[in-house]
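Let me begin by presenting the structure, written as structure tokens, before commenting on it.
The values are calculated or read from the model by the stated rules, or taken from the named source; none is laboratory data. Nothing here was measured: the structure is a model prediction, and the numbers come from that model. As a convention, Cβ positions derive from the backbone with ideal geometry for all residues, glycine included, and neighbour counts pool all protein chains shown. Accessible surface is based on the protein model in full, side chains and every heavy atom, while ligands, DNA and RNA are left aside. Shrake-Rupley method; radii C 1.70, N 1.55, O 1.52, S 1.80 Å.
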Amino acid sequence: MIEDAINSLREAQESILSHRVAYMRGSEGGIARATIGRTIFRTTNEYGSWVRIETRDFIFRKGELALEPQVGDIIIFDGAEYEVLAPQGESVWRWSDPYRTAMRVHTKLVGEEAKG
């Protein structure tokens, strides 16, 4: 019953909040639908100071991507380019819920299209 509810919410989330993005690995890739999110990581640097890192996340429904996300993949959204990565050995993606209905992919902004 809970799994059915989560699937229904994912469908609503996708139809109302998702955006078309390009997901690229080298010359391979395609268009997918993703909901935009963020994750905040807290870690320490080599000097023992706390560092806060915020990633732009793209949440894809299970089966939406043809490729499993890897470091260095590129997502293009709203004229900006995001590289798939995560800080200090963290996984670049994780399941977004216990029923694995969506994957959350962590990225960093690496380039923006010039506004004319």
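Details
- Using the alpha-carbon positions of the chain, Rg (one decimal) and Dmax (whole number) come out as 15.2, 50 Å.
- Accessible solvent surface per residue of the chain, calculated while the other protein chains remain in place, 1.4 angstrom probe, Å²: 65 Å²
- Global form of the range 21-84, assessed from the alpha-carbon gyration tensor, a/c cut-off 1.5: prolate
- Mean residue ellipticity (222 nm) of the chain, computed from DSSP H runs ≥ 4 via -39,500 (n - 2.57), nearest 500: -4500 deg cm²/dmol
- Most to least accessible of Arg20, Arg25, Arg38 (protein chains only, probe 1.4 Å): Arg20, Arg38, Arg25
- Listed residues Phe60, Phe77, Ile36: farthest to the positive end of the dipole of the chain (Cβ charges): Ile36
- Met1/Glu64 FRET efficiency (R0 25 Å; Cβ-Cβ; nearest 0.05): 0.55
- What a 1.4 Å probe finds exposed on the range 11-116 is 47% carbon and sulfur by accessible area, rounded to a whole percent.
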